[in-house]
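Here is the structure we will look at, set down as structure tokens.
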Amino acid sequence: MKTLLIGILIIAVVLAVISKIHPIGKKVSLYIVLGFIALIMLIPFYMMFVMATHTTSEIYSFPPAMWFGTNIVTNLKNMIQAVNFPLSFLNSCIVTFGNVILVLFFCSIGGYAFAVYQFPGRKVLFAVLLGTMMVPWTAGIIPWFIMMSKLGWLNSFQALIIPSCANAFGIFWMRQYCQNNVPVSLVEAARIDGCSEWTIFFRVIAPILKPAYASLGIMQFVNVWNDFMQPLMILRRPEKMTLPLMLKTMVGDRGTDYGALMFASTCAVLPLLIAFLSASKFFMSGLTSGAVKE
Amino acid sequence: MNTTKKKGFVYTLKKNKVAYAYVAPFYILFAIFGLFPIVAGFGLSFFRWDGIGPMHFNGVTNYINLFKDSLFWKALSNTLLIGILAHIPILLGGLALAYILNSKLVEGENIFKTIYFMPMVTSSVAISIIFQNLFGNNYGIINWFLSLFGQKAINWLGGDGSLIKVAVIVMFAWKWVGWNMVIYLAGMQGISGDIYEAAKIDGASDTRVMFSIVIPLLKPIIVFTIVQSSIGMFNLFTEPFILTNSSWTGGVNNGGLTLMMYLLNKAPQGGNSYGYASACAYVITIMIVIISVFVNKFSEEKDEGRRKYGK
């Protein structure tokens, strides 16, 4: 441990010194620091892929396996025997798409109404909306659960889809977007042409909101897809489980089949990871849109 | 007058029916699934209830029992310790990385950003499962790495339980540093380049620029991220839960027990003390509110000081 700490210290001092001597030295040392951190970020993913190709006993060996093994097909078979992956995947899709579509719909009509219509009580209602964003949901977690069980929504997807449709942040965000991108004259022109209010929204406004739909949709999608706590409370039957719950059932105190578990983790993580890598800018702006004002 | 006003109310409702119809779903859903549980939770916290039988009013007994329970204090201290220690690498690391990537000294900025952000799209359960393995006692890569430097195997997730928190902190920092970095980077890109230029011409070092220009200008964003992650900390549950093999007591000696885990274990997951769990939820909520107010106040006061004593 001591040698490790001293080593880190020496490397840090060397990097600091060469970055002082010459601009190129500075560049090199910055690359070394950034690359080292990138390595730390990537190692867990890499180890997951590696372990997905090994048997459990290989995973439990020391030193740990650092390169891909040959057990991937067996792990796949073991995973299929242990859990119903396609069903869990489907469940995750139903919950996530159901919630995201409803959230986008309600938030966009709400935000649009606040941005474009002048109606009595608009300011008060909007202030109330902003106020609800401050309320921590933790306070109501127990009655919320009781409500779900009284409604008979335990083990059903609507418990995860419907309550979280009331998304104050989404409406707030859509309103900002509408104010900046929807000209009131456009709405008026459509009205003069004889469009009904619904037609105006679906034919004229919704296409303008596409970028906003994408950002808000990504944020909601990632959150719901990866959520663990709410599904844990609501979905108890194996045939209803979403992917994170399915992964959890594969971990036992004893006799966890780590090879199969890592294979399942890889399968669960990969779709979103590939989507992220192919459109990372999009994802980053979507997921941080709560904090960053454009 | 009165009748015209009434007429007027119905009239405005009808006239603006589209607008009201558009905004109504939020308020209806929030009233049912948000407001009602929060209000009911406060009431419930004064009752003893097993979820099925009759409810017994018992005043503040739930709160008193909660404060008497040493496990609650253990959960609170664990949560605070993890929260405070994890913030250091997340904040400083995020700021430093954002500053480096913003300085235009390195190319491939988007590649680094993408890599650092990857954990944010990954399920916490999968991450926890991987880290459980990486922190493994006899086979984990972390102990293997330390063994290269002559360190004996450290029992991170077992032992006396105190190192479980280290594992959670490492995992948390690993996950969140990228998110903070992207936010700070967006904030830094909003700062005009002229300011940096001027500071550089005046001979200011990077550290000086960072602390005298960047951090003060980014303060609203930094405060926002601190409030957000503090709330996240109080709701911390998934990571320690999976790391300790889904044990509701937080592993050896309750080393990984968090407030949220404690709450859910009272009801509905472990037991059925719904009133007691509700009281616990309210205590957590009050702490969240206090911390948010405190962080906001603290940043405002500093702001005023700066204004008073000249810029």
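Conditions (1) buried (at least 19 other Cβ atoms within 10 Å of the Cβ); (2) modelled with pLDDT of 85 or more; (3) farther than 28 Å from B:PRO119 by Cβ; (4) facing chain A (nearest Cβ under 10 Å), marked per residue:
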{"site": "B:ILE154", "(1), (2), (3), (4)": "no, no, no, yes"}
{"site": "B:GLY159", "(1), (2), (3), (4)": "no, no, no, no"}
{"site": "B:ILE169", "(1), (2), (3), (4)": "yes, yes, no, no"}
{"site": "B:GLY187", "(1), (2), (3), (4)": "yes, yes, no, yes"}
{"site": "B:ALA204", "(1), (2), (3), (4)": "no, no, yes, no"}
{"site": "B:THR225", "(1), (2), (3), (4)": "yes, yes, no, yes"}
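Taking region B:128-139 as the search range and keeping residues that are facing chain A (nearest Cβ under 7 Å) and surrounded by 15 or more Cβ atoms within 10 Å (Cβ to Cβ), which one is farthest from the chain's Cα centre (by Cα)?
That would be B:TYR139.
Considering region A:156-185, the residues that are under 22 Å from A:PHE126 (Cβ atoms) and among the aliphatic types (A, V, I, L, M) include one that is modelled with the lowest pLDDT, namely A:ALA166.
Yes/no per residue for (1) hydrophobic (A, V, I, L, M, F, W, C); (2) out of contact with any strand residue (DSSP E or B) (no Cβ under 9 Å at 6 or more places or on another chain); (3) under 30 Å from A:SER61 (Cα atoms); (4) not in a loop (DSSP other than H, G, I, E, B):
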residue	(1), (2), (3), (4)
B:LEU80	yes, yes, no, yes
B:ALA86	yes, yes, no, yes
B:LEU95	yes, yes, no, yes
B:LYS104	no, yes, no, no
B:ASN143	no, yes, yes, yes
B:TRP156	yes, yes, yes, no
B:ASP160	no, yes, yes, no
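Pairing each residue of region B:243-259 that is in contact (Cβ under 8 Å) with a residue 60 or more places away in the chain with any residue that is of a type in the set (Val, Ile, Thr) and not in a helix (DSSP H, G or I), provided the two are 6+ apart or on different chains, yields C-beta distances under 6 Å for B:GLY250/B:THR244; B:GLY251/B:THR244; B:GLY256/B:THR244. Annotation: of all residues in region B:66-78 being free of Cβ contacts under 8 Å to residues at least 40 places away in the same chain and part of a helix (DSSP H, G or I), the one that is nearest to the chain's Cα centre (by Cα) is B:SER77.
For region B:227-248, filtered to residues that are farther than 20 Å from A:PRO231 by Cα and of a type outside the set (A, V, I, L, M), the residue that is nearest to the other protein chains (Cβ to nearest Cβ) is B:GLN228. Looking at A:MET250, A:MET241, just one residue is under 26 Å from A:GLY69 (Cβ atoms) and surrounded by fewer than 24 Cβ atoms within 10 Å (Cβ to Cβ), and that residue is A:MET250.
The single condition among (1) closer than 25 Å to B:LEU259 by Cα; (2) not in a loop (DSSP other than H, G, I, E, B) that A:GLU239 does not meet is (1). The set of residues from region B:237-256 being surrounded by 22 or more Cβ atoms within 10 Å (Cβ to Cβ) and within 11 Å of B:VAL168 (Cα to Cα) comprises B:THR238, B:GLU239, B:PRO240, B:PHE241, B:ILE242, B:LEU243, B:THR244, B:GLY255, B:GLY256.
For region B:175-200, how many residues meet the condition of being over 14 Å from the mean Cα position of the chain (by Cα) and either in a loop (DSSP other than H, G, I, E, B) or within 29 Å of A:LEU42 (Cβ to Cβ) (or both)?
Of the residues in that region, 13 qualify.
Take B:THR122 and tell me if it is crowded, with 21+ Cβ neighbours inside 10 Å and modelled with pLDDT of 85 or more. Considered against the rule, which asks whether it is crowded, with 21+ Cβ neighbours inside 10 Å and modelled with pLDDT of 85 or more, B:THR122 comes out as yes.
Looking only at region B:262-286, count every residue that is part of a helix (DSSP H, G or I), more than 7 Å from chain A (Cβ to nearest Cβ) and in contact (Cβ under 8 Å) with a residue 60 or more places away in the chain and tell me the total. Looking only at that region, the number is 6. May I ask you to verify whether A:LEU232 is under 30 Å from B:PHE237 (Cα atoms), in contact (Cβ under 8 Å) with a residue 24 or more places away in the chain and in the same structural domain as A:PHE106 (by TED's automatic domain parsing)? Spelling it out, it is not the case that A:LEU232 is under 30 Å from B:PHE237 (Cα atoms), in contact (Cβ under 8 Å) with a residue 24 or more places away in the chain and in the same structural domain as A:PHE106 (by TED's automatic domain parsing). Taken together, the residues in region A:160-193 that are of a type in the set (Val, Ile, Thr) and not in a helix (DSSP H, G or I) amount to 2. The set of residues in region A:216-232 that are surrounded by fewer than 21 Cβ atoms within 10 Å (Cβ to Cβ) and either more than 19 Å from the chain's Cα centre (by Cα) or more than 10 Å from chain B (Cβ to nearest Cβ) (or both) comprises A:GLY217, A:ASN223, A:GLN230. When B:PRO89 is tested against (1) free of Cβ contacts under 8 Å to residues at least 60 places away in the same chain; (2) surrounded by 13 or more Cβ atoms within 10 Å (Cβ to Cβ); (3) of a type outside the set (A, V, I, L, M, F, W, C), just one condition goes unmet, and that condition is (1). Quick check on A:PHE106: is it over 27 Å from the mean Cα position of the chain (by Cα), within 12 Å of chain B (Cβ to nearest Cβ) and either crowded, with 17+ Cβ neighbours inside 10 Å or assigned to a helix (DSSP H, G or I) (or both)? No.
May I ask you to list pairs of residues, at least six apart or on different chains, whose Cβ atoms are under 8 Å apart, with the first in region A:51-69 being at positive phi and the second being of a type in the set (A, V, I, L, M)? Pairs that qualify, where the first residue is at positive phi and the partner is of a type in the set (A, V, I, L, M): there are none. Residues of region A:47-61 that are exposed (fewer than 15 other Cβ atoms within 10 Å of the Cβ) and either among the acidic types (Asp, Glu) or assigned to a helix (DSSP H, G or I) (or both): A:SER57 alone.
Table: residues versus (1) part of a helix (DSSP H, G or I); (2) at pLDDT below 90; (3) buried (at least 20 other Cβ atoms within 10 Å of the Cβ); (4) at the interface with another protein chain (Cβ under 7 Å from one of its Cβ atoms).
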{"position": "A:PRO63", "(1), (2), (3), (4)": "no, yes, no, yes"}
{"position": "A:ILE80", "(1), (2), (3), (4)": "yes, yes, no, no"}
{"position": "A:PHE89", "(1), (2), (3), (4)": "yes, no, no, no"}
{"position": "A:THR96", "(1), (2), (3), (4)": "yes, no, yes, no"}
{"position": "A:ILE101", "(1), (2), (3), (4)": "yes, no, no, no"}
{"position": "A:PHE126", "(1), (2), (3), (4)": "yes, no, no, no"}
{"position": "A:ALA139", "(1), (2), (3), (4)": "yes, yes, yes, yes"}
{"position": "A:MET148", "(1), (2), (3), (4)": "yes, no, yes, no"}
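Taken as a whole, region A:11-28 holds no residue that is assigned to a helix (DSSP H, G or I), under 26 Å from the mean Cα position of the chain (by Cα) and under 30 Å from B:ASN102 (Cβ atoms).
The values are calculated or read from the model by the stated rules, or taken from the named source; none is laboratory data. It should be emphasised that the depicted structure is a prediction, and the values quoted were computed from it without experimental measurement. Note that we place each Cβ from the backbone using ideal geometry, even for glycine, and neighbour counts take in every protein chain shown.
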